[in-house]
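Working notes, structure below.
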Amino acid sequence: MMHIKKATYIISSPSFEKCPAPDKPEYAFIGRSNVGKSSLINMLCNNDKLAKTSNTPGKTQMINHFEIMSASNSDNENIKWYLVDLPGYGFAKTSQSSRRRWEQMIENYLRKRENLTNVFVLIDARHSPQKLDINFINKLVLWQIPYTIIFTKTDKEKQSVVSKNVKLFFESLRKTLQFLPQYFLSSAVKKTGREKILDLIEEMNFDTTEDLFIR
């Protein structure tokens, strides 16, 4: 089990060229506006004030880097990695030009960031499949970017509804995808899924090339 020792905000960048040096494994989190991304990040890092949460969708407008220092319970050796909070892709109340600029910024980051290890795509478990989410995942597959799905807000709906929505979501994905991705169910309130998500990151950290590690 991974233990988060420290989580520090580093920088907000307007483009992938301005991001920190790609010298650590990097995990990006993205989803539609109001999917609960900041709450999930704070829950994973055990810090309610790390990522800014807001009732106004579309508040995240840059590529936000957090440096995480973690250790495994098995060897207690420190590993540093980046957690990245990306803008949502269902922008609310923004102009067409702003929306296109954000989309281009996100695409450039996802396709060109060389140390990007995995993208966590957040899906609101309360809703039936949304075209925006399906289209975004199809783009990741087209760009050959590794990704994992996290269904959020599972505490805010009956479990039968959550199960039904998850099943429908994968049925929608199956129409275009040959291989379905790994997924987790999460709740920022109940801290559901925290251990499993961190375990996956820990596993990927050790699988990532040695020269990316700063220990």
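The values are calculated or read from the model by the stated rules, or taken from the named source; none is laboratory data. Note that the structure is a prediction, hence the values are computed from the model and not measured. Ideal geometry is used to build each Cβ from the backbone, glycine not excepted, and the neighbour counts take in all protein chains shown.
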The stretch 90-108, residues that are touching a Ser or Thr at 6+ places or on another chain (Cβ under 8 Å) and closer than 29 Å to Thr208 by Cα: Trp102, Met105, Asn108
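Among the residues of the stretch 101-133, write down those that are aromatic (Phe, Trp, Tyr) and under 18 Å from Pro181 (Cβ atoms). Walk me through how you get there before you give the answer.
Going residue by residue through the stretch 101-133, those that are aromatic (Phe, Trp, Tyr) are 102, 109, 120.
Across the stretch 101-133, the qualifying residue is only Phe120.
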Residue within the stretch 32-51 that is among the acidic types (Asp, Glu), in a loop (DSSP other than H, G, I, E, B) and closer than 20 Å to Leu122 by Cβ present: yes
Looking only at the stretch 79-125, count every residue that is basic (Lys, Arg), touching a helix residue (DSSP H, G or I) at 6+ places or on another chain (Cβ under 6 Å) and under 22 Å from Ser38 (Cα atoms) and tell me the total. 1
Of these, Asn73, Asn46, which one is closer than 17 Å to Ile197 by Cα, modelled with pLDDT under 95, surrounded by fewer than 16 Cβ atoms within 10 Å (Cβ to Cβ) and under 17 Å from the mean Cα position of the chain (by Cα)? Asn46
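Give the stretch 139-195 a look and list any residue that's in a strand (DSSP E or B), of a type in the set (A, V, I, L, M, F, W, C) and more than 22 Å from Leu116 (Cα to Cα), or say none. Steps first, answer last, please.
Our first condition is that a residue be in a strand (DSSP E or B); within the stretch 139-195, this holds for 147-152, 183-185, 187, 192.
Keeping just the survivors that are of a type in the set (A, V, I, L, M, F, W, C) gives 149-151, 184-185.
Hit for the stretch 139-195 is Leu185, nothing else.
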For the stretch 105-130, which residues satisfy the criterion of being in a helix (DSSP H, G or I) and touching a residue at least 40 places away in the same chain (Cβ under 8 Å)? Met105, Ile106, Asn108, Tyr109, Leu110, Lys112
Can you find a residue that is touching a residue at least 24 places away in the same chain (Cβ under 8 Å), under 18 Å from Arg126 (Cβ atoms), buried (at least 18 other Cβ atoms within 10 Å of the Cβ) and under 19 Å from the mean Cα position of the chain (by Cα) anywhere in the stretch 195-213? no
For the stretch 132-176, the count of residues that are surrounded by 15 or more Cβ atoms within 10 Å (Cβ to Cβ) and within 15 Å of the chain's Cα centre (by Cα) equals 12
Quick check on the stretch 12-39: of everything there that is within 14 Å of Phe66 (Cα to Cα) and out of contact with any strand residue (DSSP E or B) (no Cβ under 6 Å at 6 or more places or on another chain), which residue is surrounded by the most Cβ atoms within 10 Å (Cβ to Cβ)? Ser38
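Could you grab me the full set of residues in the stretch 177-194 that are within 16 Å of Leu122 (Cα to Cα), of a type in the set (D, E, K, R) and surrounded by fewer than 15 Cβ atoms within 10 Å (Cβ to Cβ)?
Applying the first criterion (within 16 Å of Leu122 (Cα to Cα)) to the stretch 177-194 yields 180-189, 191-194.
Adding the requirement that they be of a type in the set (D, E, K, R) leaves 191, 194.
Lys191, the sole residue that qualifies.
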Please determine, by comparing only the residues of the stretch 11-34 that are under 16 Å from the mean Cα position of the chain (by Cα) and of a type in the set (D, E, K, R), which one is nearest to Asn115 (Cα to Cα). Glu26
